[in-house]
Ligand code: NDP
């Protein structure tokens, strides 16, 4: 079997286009643009790239982008004061504090200070709670993006066996919750799971969110499984090269001989994350303006 490549890049482009159309519609109805505020503390190079990319894509989608760059030694109370100011700013619909924060800052305290109605990353404990009891809130962008790819590929997930490898609050746990809500039979595996290959082999759907390069091997997969690879790992550079190759948590080439569909890395889940962030921001804008969220957003 040669697996179909699930093209997250193309899917994300279509989603951004749809968000752009609806953002223009929102502006017409509300008399203002939907707005996303991104806060970056410090100069972590990867975070700077993400923040730049988020700002650019927000503007391209016809929404307002507010960037706040603070020095690495910003005291916690200053960051909390900024979050509070953004909570009260009617031009701001979504607030994203780029993680990781420098060590002296308490991530949980900062995330808890964001208004749950502007928490477009879906990391606030209220939104995690809403997801777990089936109320509408904000769902973390990466797992929601994975669900969109799965729904597009498989349609109804009822009764399918899904194994999520990884139990982080930002990927693994919300992913498992979404699969459960879609009536899949869900197993969450982690570093203490016994016989991980045996567990994964039961799965019609495998979601790997571990952070270990090419850990999931072809022989772990049930023939015909659908594989969503969330992992982003940079291999050490080959001799003479400046940068190492990016790979996922799944050994892509060999897995492609067993799976029926698989997301590549890069170009699979990665591009979905910012596209879903824009989608969540527009949903927040509609809700904050007291307008009905359009069908299909
Ligand atoms: P975390 O480090 O928070 O969680 C990793 C999880 O993997 C943990 O639950 C851990 O188990 C589990 N794990 C570690 N080693 C093993 C092992 N040998 N066998 C089974 N499970 C194991 O990572 P994140 O969830 O934040 O991210 C996971 C990956 O996804 C990373 O590569 C990250 O870069 C990528 N990522 C990609 C995004 C995108 O936009 N595409 C967005 C977010 C993340 P335990 O809990 O027992 O320690």
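Each value in this text was obtained by applying a stated rule to the coordinates, not by laboratory testing. The model shown is predicted, which means the values in this text are computed figures rather than measured ones.
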In percent, how large is the relative contact order of the range 163-211, given Cα pairs closer than 8 Å and 6 or more residues apart? 52
Below 8 Å, C-alpha to C-alpha, sequence gap of six or more: please give me the relative contact order for the range 150-297 in percent. 17
Counting only DSSP beta bridges with both residues in the range 173-297, tell me the antiparallel percent, nearest 5. 20
Do the sum for the chain: with -39,500 (n - 2.57) for every DSSP H run of n ≥ 4, divided by all residues, what is the mean residue ellipticity at 222 nm, to the nearest 500 deg cm²/dmol? -12500 deg cm²/dmol
Give me the base-10 log of I(q)/I(0) for the range 19-113 at each q in 0.13, 0.14, 0.15 Å⁻¹, Debye formula, one uniform scatterer per Cα, rounded to two decimals. -0.47, -0.54, -0.61
Divide the volume of the convex hull of the Cα atoms of the range 113-174 by its number of residues and quote the answer in cubic angstrom per residue. 94
per DSSP, antiparallel bridges as share of beta bridges in the chain, % nearest 5, sits at 5
Could you work out the relative contact order of the range 118-194, using alpha carbon pairs under 8 angstrom and six or more residues apart, expressed as a whole percent? 28
Using only the C-alpha atoms of the chain, find the volume of their convex hull and express it per residue in Å³. 139
Hey, what's the Kirkwood Rh for the range 210-297 if you take every pair of different alpha carbons, in angstrom? 15.3
With no solvent and one point per C-alpha, what does the Debye sum give as log10 I(q)/I(0) for the range 149-208 at q = 0.14, 0.22, 0.23, 0.25 Å⁻¹? -0.34, -0.82, -0.89, -1.03
Cα-only Rg/Rh for the range 79-145 with Kirkwood Rh rounds to 0.97
